[in-house]
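Undergrad: Dumping the structure here so I can ask a few things about it.
The values are calculated or read from the model by the stated rules, or taken from the named source; none is laboratory data. All of these numbers come straight from a predicted model, not from anything done at the bench. Reconstructed Cβ throughout: ideal geometry from the backbone, glycine too, with neighbour counts over all protein chains shown. Just so you know, the surface numbers come from the protein's heavy atoms only, side chains and all, with ligands and any DNA or RNA stripped out. Shrake-Rupley method; radii C 1.70, N 1.55, O 1.52, S 1.80 Å.
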Amino acid sequence: MSSPPPLITCTPGVRSGKACIAETRITVSDVLEYLASGMSQEDILADFPDLQPEHIQAVLRYAAEREKHLSELTVA
């Protein structure tokens with residue numbers, strides 16, 4: 001059985017290669033900024049009807065894993 005396609009991708013030439021929600025030009029940092037500004041998940045999904053709750057969870061998971069990785073680099 002093959003694994004599902006990734007929900008977060010980095011594609012050269014798309015938003016300067018930043019991490020984006022797959023098959024969109026919406027970056028991880030865009031979504032994090034929306035959440036930090038007080039938008040709810042429901043608000044974001046209403047503004048971007050192509051997104052699903054799984055995309056928001058993937059953004060949060062990506063950010064958490066990246067933060068953990070960066071923390072490990074600075075401790076080492």
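Undergrad: Within the chain, what whole-number % of the accessible surface is contributed by carbon and sulfur, with the 1.4 Å probe and all protein chains included in the calculation?
TA: That fraction is 56 percent.
Undergrad: Right, something else. The range 23-49 to the range 1-17: how many Å between their Cα centroids?
TA: When both Cα centres are located, 18 Å separates them.
Undergrad: Please name which of Ile26, Val75, Gln41 has its Cα lying farthest along the dipole of the chain towards the positive end, using unit charges on Cβ (Lys, Arg +1; Asp, Glu -1) and the Cα centre as origin.
TA: Val75
Undergrad: Hand me the trypsin sites (Lys or Arg not before Pro) from the range 18-76 located in a DSSP loop with no more than 16 other Cβ atoms within 10 Å, in residue order please.
TA: Lys18, Arg25
Undergrad: Moving on to the next point. Rg to Rh ratio, the chain, alpha-carbon atoms and Kirkwood radius?
TA: Taking Rg over the Kirkwood Rh, I get 1.01.
Undergrad: Can you compute the charge dipole magnitude of the chain about its Cα centre, using +1 on each Lys and Arg Cβ and -1 on each Asp and Glu Cβ, nothing else charged? Give it in debye, rounded to the nearest 20.
TA: 320
Undergrad: By how many nm would the segment from Arg25 to Leu70 lengthen if fully extended, with 0.36 nm per residue of separation less the alpha-carbon distance?
TA: 13.8 nm
Undergrad: Identify the GluC sites (Glu not before Pro) of the chain meeting these criteria: DSSP loop state and at most 15 other C-beta atoms within 10 Å of the C-beta.
TA: Glu23
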